[in-house]
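Step one of this worksheet: look at the structure below.
The values are calculated or read from the model by the stated rules, or taken from the named source; none is laboratory data. Predicted, not measured: the structure shown is a model, and the values here were computed from it. Cβ sites come from the backbone with ideal geometry, for glycine too, and all protein chains shown count toward neighbours.
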């Protein structure tokens with residue numbers, strides 16, 4: 001009789017963890033959290049003070065997704081680094097959306113200030129990215 005049980009399958013070697021399964025995945029969570037936060041913030045503007053239903057609901061949807069992804073990112077990324085990147089890149093994305101989509105004015109002060117924020121994010125990232133677990 002042929003043995004058709006799957007007990008031998010459990011003896012297969014477990015796959016070697018890849019970099020994507022480790023820290024890189026948590027950086028992806030952070031990038032997605034930033035995108036969801038920027039989308040939620042854009043929906044705030046589109047909601048016109050919560051007077052339009054669909055963008056008003058989407059504000060909460062995107063922020064819940066953003067916070068969930070941010071929490072997952074914090075499993076392997078230090079809070080200070082993750083939050084600085086989240087805030088800094090969120091400011092950059094919203095600045096770009098404001099200028100390109102909502103036709104907000106561009107000034108030298110706005111550009112310099114955004115570059116200073118990005119410089120601060122780079123400085124924090126360079127200070128050490130390890131996770132203290």
Single condition residue 91 does not satisfy, out of (1) assigned to a helix (DSSP H, G or I); (2) over 16 Å from the mean Cα position of the chain (by Cα): (2)
Qualifying residue in the stretch 99-111 (condition: in a loop (DSSP other than H, G, I, E, B), touching a residue at least 40 places away in the same chain (Cβ under 8 Å) and more than 16 Å from residue 34 (Cα to Cα)): yes
Residue match in the stretch 101-111 (condition: modelled with pLDDT of 80 or more, loosely packed, with under 10 Cβ neighbours inside 10 Å, more than 25 Å from residue 43 (Cα to Cα) and more than 19 Å from the chain's Cα centre (by Cα)): yes
Cross-chain or 6+ apart pairs with Cβ under 7 Å, the stretch 33-62 first and in contact (Cβ under 8 Å) with a residue 24 or more places away in the chain and on the phi < 0 side of the Ramachandran plot, then exposed (fewer than 13 other Cβ atoms within 10 Å of the Cβ) and outside any helix (DSSP H, G or I): 45/102
Residues of the stretch 69-85 classified as touching a residue at least 12 places away in the same chain (Cβ under 8 Å) and farther than 16 Å from residue 24 by Cα, total: 2
Filter pass, residue 65 being more than 22 Å from residue 115 (Cα to Cα) and buried (at least 17 other Cβ atoms within 10 Å of the Cβ): yes
Test: residue in the stretch 44-65 that is closer than 23 Å to residue 23 by Cβ, assigned to a helix (DSSP H, G or I) and at pLDDT 90 or above: yes
